[in-house]
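Below is one structure, written out as structure tokens; comments come after it.
The values are calculated or read from the model by the stated rules, or taken from the named source; none is laboratory data. Just so we're clear, the structure is a prediction, and the values are computed from it rather than from any experiment. Don't worry about glycine lacking a Cβ; one is built from the backbone with ideal geometry, like all the others, and counts go over all protein chains shown. The area values use the complete protein model at the heavy-atom level, side chains included, leaving out ligands, DNA and RNA. Shrake-Rupley method; radii C 1.70, N 1.55, O 1.52, S 1.80 Å.
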Amino acid sequence: MIRQLPRWAWIGGGLLALVAGCINAVGYLCFRHQPVTHLTGTSTQFGIALAQGDLAEVTHWGLTIVSFLFGAMLSGFIVEQRTLQLGRRYGVVLTIESLLLFAAAPLIHDARDLGLYLAATACGLQNAMVSTYSGATLRTTHLSGIFTDLGMYLGQRLRGLNVDVLRIHVCLLVAGHFILGATLGAFGFAYLQERVLLVPAVLTGTVGLAYAIYRHFFLRRV
């Protein structure tokens, strides 16, 4: 049940959605003007490049997709389980995401595609890490599913059906924080350019390190 979703999962979901919104804003505002946190637009661009026979663009969009996929695979390898549960190796994943963002920032600032691939890998890591807990799906790097769920739940409420209001709260939490992250990322980009990625890098690194310490010194004693 969604009411079993622990408080740390709510806080973490909002925080990671904020991070993803900031990263995606940088992707759109940087030299490539492309999405980074999800693959719908990327896959469309890949298909267009295939149709046009543009090998350079096929390679670029293909590597972006593979980078995101690799990040998700790496997260699955590290975390192992599909359910959110304290004790899993989330700190390792967040620390790797932080390192990838630290490496991506100067590369994107220098207009190098490698930086975008590293950022896409970080987003794949993050999105795969936050999976399913007691029937509540959390996806923090894209909003199509979130807005679909929100519309469905609101429609069911209008129909007079019984919908757990917490499901609506989850959708609003993720969507609101993603948009807030994009807003803050755009403001930061105006002053720091692509270096604004250092903010989510520090944030994920700090949380990842804190969680790793907590897991090592506390959870193993429980």
Inset, instruction - Two decimals is fine: what's Rg over Rh for the stretch 148-222, C-alpha atoms, Kirkwood radius as Rh? - result: 1.20
Inset, instruction - Compute the distance in nm between two label points, each set 7 Å from the Cα along the Cα-to-Cβ direction, one at Leu166 and one at Trp8. - result: 1.7 nm
Inset, instruction - With a probe of 1.4 Å, find how much accessible area the chain has per residue, and write the answer as a whole number in Å². - result: 51 Å²
Legend entry - Cα-based helix-to-principal-axis angle, 144-158 vs the chain, degrees rounded to 10: 40 degrees
Legend entry - Base-10 log of normalised Debye intensity for the chain (one unit scatterer per alpha-carbon) at q = 0.11, 0.12, 0.13 Å⁻¹: -0.55, -0.65, -0.76
Legend entry - Per-peptide average of other Cβ atoms within 10 Å, ordering 159-172, 142-155 highest first: 142-155, 159-172
Legend entry - Charged-residue dipole, Cβ positions (Lys, Arg, Asp, Glu), the chain about Cα centre, Debye nearest 20: 960 debye
Legend entry - Karplus-derived HN-Hα couplings along the stretch 10-26 (A = 6.51, B = -1.76, C = 1.60, θ = phi - 60°), whole Hz, x at Gly and Pro: 5, 4, x, x, x, 5, 5, 5, 4, 4, 5, x, 5, 4, 5, 4, 5
Legend entry - Accessible area of the stretch 12-64 belonging to carbon and sulfur atoms, whole % at 1.4 Å probe: 67 percent
Legend entry - Structure-based [θ]222 nm, the chain - -39500 (n - 2.57) summed over DSSP H runs of at least 4, per residue, nearest 500: -25000 deg cm²/dmol
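Please report the net charge: other residues with Cβ closer than 10 Å to the Cβ of Phe31, K and R +1, D and E -1.
Once all neighbours under 10 Å are counted, the net charge is -1.
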Legend entry - Overall Cα dimensions of the stretch 98-211, principal axis frame, Å, largest first: 54, 30, 24
